[in-house]
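Asker: Can you read through this structure? Questions will come right after.
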Amino acid sequence: MQQIDHIRLSPDGDRLVILDQSLLPGEARYIELSTAGEMYEAIKSLRVRGAPAIGIFAGFAMYVLSRGMSKENCAEFEREFFEKSAYLNSSRPTAVNLSWALRRMESAVRQGAELSAAALEARLLAEAQAILDEDIAMCRSISEHGLSLLNPGDGVLTHCNAGPMATSRYGTAIGPLILGAERGIPLRAFADETRPLLQGARLTSYELQNAGVDVTLICDNMASMVMKNGWVQFCFVGCDRVAANGDTANKIGTSGVAILAKHYGIPFYVLGPTSTIDLDCPSGAQIEIEQRDGEEIRSLWYSRPMAPEGVRCYNPAFDVTNHELISGIITEKGICRPPYTRSLAALFK
Ligand code: MRU
């Protein structure tokens, strides 16, 4: 597959270099980040986005930040490290991968309390690299499991972007389609454009087209028609946080796709690594949903206003799909089936 190195370190390790996803597909610009403020802004503005990608970013971000911190006094270093980690964690609340990765980096600091400054930095770099390497392996495995469900000629509808740019390689929800294309298996993808930030139009259709997958872009309100026409045999979506009972937070509009799929009898699958499963969260009711600026609905993307100035907007970035609507949750360890309270817990035994 064509590999996009969208999160990497500068050669001297002092900066984080990312592909600014907010500019795609019009412009492929890499930006360099060195301060906590710049890193916070990059997550908040979706320059880096997608649950696993945010986690990978956070690992390398903490490594870069740690290089600028004095290590003379261990307690002082820990205090500053944890303070910066908490700051990055406050950038977006819904995807659990962010806090998951930051916790891993914090543990590395705690375990490295006795190390020299150079050894501690090496330890942190190794942890960030491990988060990335594990994600590459998990996405590959998820793609294999997802592809095992598909037959040649099948159509798959997806929502938002759960591709290589939202992860490391392959992605989750569209990983099976990319893997299928590599193997010459004819599959069709339908990508919801995904209002208001258009991740489906800007990123998913871009990635699928580049991977040689037969992709058709649709507006979100066309999914029902596509299902009714019999063009899709599966819905594959990503996830930002999966609760212990299988309730799943993903991009706003995902739960609507699941409800439509149930109506038309189309299997609806969630694909995500175990790093996105939060067994500490009993159900979707406890998942914090990020609320975003109404300008994303009112004016973003338009050259002229498309809504009256000052009109009230409601702009939740995610919604929760009830576990009863989910046919299976595909992780790197296999496909979990209902009851999810049992099958998800078994993944961590
Ligand atoms: O707001 P975003 O673009 O970060 O939302 C991304 C999604 O909802 C993805 O579907 C999810 O993070 C899974 S990415 C493998």
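The values are calculated or read from the model by the stated rules, or taken from the named source; none is laboratory data. As the structure is a prediction and not an experimental result, all values here were calculated from the model. Neighbour counts run over all protein chains shown; Cβ positions are idealised from the backbone, glycine included. Surface accessibility is based on the protein's heavy atoms, side chains included, excluding ligands, DNA and RNA. Shrake-Rupley method; radii C 1.70, N 1.55, O 1.52, S 1.80 Å.
Asker: For residues in the range 284-324 being basic (Lys, Arg) and more than 16 Å from the ligand (Cβ to nearest atom), which is farthest from the chain's Cα centre (by Cα)? Explain how you work it out, then say what you get.
Answerer: Initially, the range 284-324 is screened for residues basic (Lys, Arg), giving 292, 298, 304, 312.
If we keep only those that are more than 16 Å from the ligand (Cβ to nearest atom) too, we end up with 298, 304, 312.
On the way: Arg298: 25, Arg304: 31, Arg312: 29 Å.
Applying the filter and picking the extreme gives Arg304.
Asker: Any residue that is small (Gly, Ala, Ser), in a helix (DSSP H, G or I) and over 16 Å from Thr194 (Cα atoms) - is there at least one of those in the range 234-252?
Answerer: no
Asker: Just to be sure I understand the filter: pairs with C-beta atoms under 6 Å, separated by 6 or more residues or on different chains, first member in the range 26-37 and β-branched (Val, Ile, Thr), second member in a loop (DSSP other than H, G, I, E, B). Which pairs pass?
Answerer: Close Cβ pairs (under 6 Å, with a partner that is in a loop (DSSP other than H, G, I, E, B)) amount to Ile31/Asp20.
Asker: Scan the range 136-160 for residues that are of a type outside the set (A, V, I, L, M, F, W, C) and exposed (fewer than 15 other Cβ atoms within 10 Å of the Cβ) and jot them down.
Answerer: Ser148, Asn151, Pro152, Gly153
Asker: Mind checking which residues of the range 305-329 are small (Gly, Ala, Ser) and part of a loop (DSSP other than H, G, I, E, B)?
Answerer: Result: Ala307, Gly310, Ala317, Ser327.
Asker: What about Ile266, is it within 16 Å of the ligand (Cβ to nearest atom) and at pLDDT 95 or above?
Answerer: Here the answer is no, as Ile266 does not meet what is asked.
Asker: Identify the single condition in (1) more than 9 Å from the ligand (Cβ to nearest atom); (2) modelled with pLDDT of 95 or more; (3) of a type outside the set (Asp, Glu) that Val237 does not satisfy, given that it satisfies every other one.
Answerer: Unmet for Val237, out of (1) more than 9 Å from the ligand (Cβ to nearest atom); (2) modelled with pLDDT of 95 or more; (3) of a type outside the set (Asp, Glu): (1).
Asker: Every residue in the range 209-222 that is more than 25 Å from Asn322 (Cβ to Cβ) and either in a loop (DSSP other than H, G, I, E, B) or not assigned by TED's automatic domain parsing to the domain that holds Asp319 (or both), please.
Answerer: Across the range 209-222, the qualifying residues are Ala211, Gly212, Val213.
Yes/no per residue for (1) within 13 Å of the ligand (Cβ to nearest atom); (2) assigned by TED's automatic domain parsing to the domain that holds Gly55; (3) charged (D, E, K, R):
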position	(1), (2), (3)
Arg195	yes, no, yes
Gly200	yes, no, no
Thr204	yes, no, no
Glu207	yes, no, yes
Ser224	no, no, no
Asn229	no, no, no
Val242	yes, no, no
Pro282	no, no, no
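Asker: Additional query: Quick check on my filter: what residues within the range 318-349 are in contact with a strand residue (DSSP E or B) (Cβ under 9 Å, 6 or more places away or on another chain) and aliphatic (A, V, I, L, M)?
Answerer: Those that are in contact with a strand residue (DSSP E or B) (Cβ under 9 Å, 6 or more places away or on another chain) and aliphatic (A, V, I, L, M): Val320, Leu325, Ile326, Ile329, Ile330, Ile335, Leu344, Ala346, Leu347.
Asker: Which of the residues spanning the range 24-64 are part of a loop (DSSP other than H, G, I, E, B) and buried (at least 22 other Cβ atoms within 10 Å of the Cβ)? Reasoning before the result, please.
Answerer: First, the residues of the range 24-64 that are part of a loop (DSSP other than H, G, I, E, B): 24-29, 34-35, 45-50.
Within the range 24-64, Val48, Arg49, Gly50 meet the criteria.
Asker: Restricting attention to the range 142-192, report how many residues are of a type outside the set (A, V, I, L, M), within 21 Å of Ala223 (Cβ to Cβ), within 11 Å of the ligand (Cβ to nearest atom) and assigned to a helix (DSSP H, G or I).
Answerer: Selection size over the range 142-192: 1.
Asker: Then there's this: Could you tell me how many of the residues in the range 330-349 are open to solvent by 50 Å² or more (accessible area, probe 1.4 Å) and part of a loop (DSSP other than H, G, I, E, B)? Steps first, answer last, please.
Answerer: First, the residues of the range 330-349 that are open to solvent by 50 Å² or more (accessible area, probe 1.4 Å): 333, 335, 337-339, 341-342, 346, 348-349.
With the extra rule that they be part of a loop (DSSP other than H, G, I, E, B), the set shrinks to 333, 337-339, 348-349.
Of the residues in that region, 6 qualify.
Asker: Which one is nearest to Pro282 (Cα to Cα) among residues in the range 226-252 that are within 19 Å of the chain's Cα centre (by Cα) and open to solvent by 30 Å² or more (accessible area, probe 1.4 Å)?
Answerer: Of the residues in the range 226-252, the ones within 19 Å of the chain's Cα centre (by Cα) are 235-244, 246-252.
Keeping just the survivors that are open to solvent by 30 Å² or more (accessible area, probe 1.4 Å) gives 241, 252.
Working: Arg241: 11, Ile252: 21 Å.
Top of the filtered list is Arg241.
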